[in-house]
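The structure appears right after this line, and notes come after that.
What follows draws every value from the coordinates through simple rules; no lab data is involved. In this text, all values refer to a predicted model and were calculated from it rather than measured experimentally. Cβ atoms come from the backbone with ideal geometry, glycine included; neighbour counts cover every protein chain shown.
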Amino acid sequence: MNIVILTGAGISAESGLGTFRDKDGLWTRYDLNDVATPEGFARDPALVHEFYNARRANCRDAAPNSAHAALARLQRGFAGGRVSIVTQNVDDLHERAGTPEVIHMHGELARALCAACGHRWPAPDVMAHDDPCPACAAPATRPDIVWFGEFPYHMDRIAELLAACDLFVSIGTSGNVYPAAGFAEEARIAGARTLELNLEPSEARLPFDEARHGPATRIVPDWVQ
Ligand code: BJW
């Protein structure tokens with residue numbers, strides 16, 4: 001049995017990391033056009049770095065919760081096939097909970113990317129646009145994050161996993177952002193059952209075969225058991 005699990009901001013909410021679209025979410029306090037688009041970065045790189053430096057600090061101070069831990073146990077101990085974890089999150093809480101393999105489709109706070117040569121390296125706590133790239137020395141440092149209008153990472157690998165998927169589980173994501181919002185449909189076309197674990201029904205275009213609602217720290221460990 002091949003299980004593909006897609007996680008979103010809701011799984012990290014009880015670790016103290018904000019979601020995007022909930023009441024008090026990040027997009028109620030910041031304009032996503034300013035901080036999560038290449039155009040916003042070109043206009044004001046200092047503002048974008050300030051936003052991600054603060055998020056990196058929050059992430060450093062946060063700890064994985066029982067939902068991250070349950071998924072780590074599942075991936076490590078699943079004897080009946082393969083468990084793949086695809087996350088839209090840029091935090092490292094899956095890894096810190098002990099998940100051996102995580103596919104970060106929207107990038108990682110912990111990495112820096114040179115906008116000039118494409119080199120990637122571990123992000124320092126505080127980054128600035130004019131930090132020189134360790135490979136080419138260009139003062140073109142940006143967070144290694146996939147912004148709106150950019151192509152998400154590992155899409156070929158994710159397409160292969162969805163094509164061979166028997167069970168697709170969506171955890172803590174509102175289903176607003178494509179291409180991730182289309183994964184349940186892709187999995188279903190491949191013959192998979194689909195399950196949603198979320199605080200409340202998401203905005204998925206098609207209903208899931210099964211849905212369980214409640215806080216991730218309760219419903220994810222309950223499902224894994
Ligand atoms: C709990 C809980 C608890 C709370 N327990 N649950 C039309 C117009 C313009 C553009 C487009 C368009 N249609 C499609 C697009 C493209 C665009 C897009 O989707 N726009 C939409 C807004 C319409 N997408 C893109 O540009 C993407 N690239 C792309 O499409 O390239 C072309 C392509 C085409 C086809 C194939 C492949 C490629 C790139 C998207 C990049 C998204 N980037 C962001 C920010 C960067 C990362 C960061 O800074 O962290 O990624 S946006 C933001 O949204 C972030 C998230 O990863 C992403 C998803 O959010 P998520 O995780 O779902 O969070 P929320 O807040 O929305 O939901 C939280 C959920 O948790 C809620 O349901 C709560 O109920 C729940 N919850 N507490 C359980 N305790």
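The set of residues from segment 150-167 being closer than 19 Å to GLY118 by Cα and either crowded, with 22+ Cβ neighbours inside 10 Å or of a type outside the set (A, V, I, L, M, F, W, C) (or both) comprises GLU150, PRO152, TYR153, HIS154.
Once segment 168-188 is narrowed to residues that are within 10 Å of the ligand (Cβ to nearest atom) and within 24 Å of ARG218 (Cβ to Cβ), the residue that is surrounded by the fewest Cβ atoms within 10 Å (Cβ to Cβ) is ASN176.
For the residues TYR153, TYR178, the requirement of being in contact (Cβ under 8 Å) with a residue 40 or more places away in the chain, farther than 19 Å from LEU71 by Cβ and of a type in the set (Ser, Thr, Tyr) singles out TYR153. In segment 192-216, the residue that is nearest to ALA69 (Cα to Cα) out of those that are near the ligand (Cβ under 8 Å from one of its atoms), surrounded by fewer than 19 Cβ atoms within 10 Å (Cβ to Cβ) and not charged (D, E, K, R) is PRO215.
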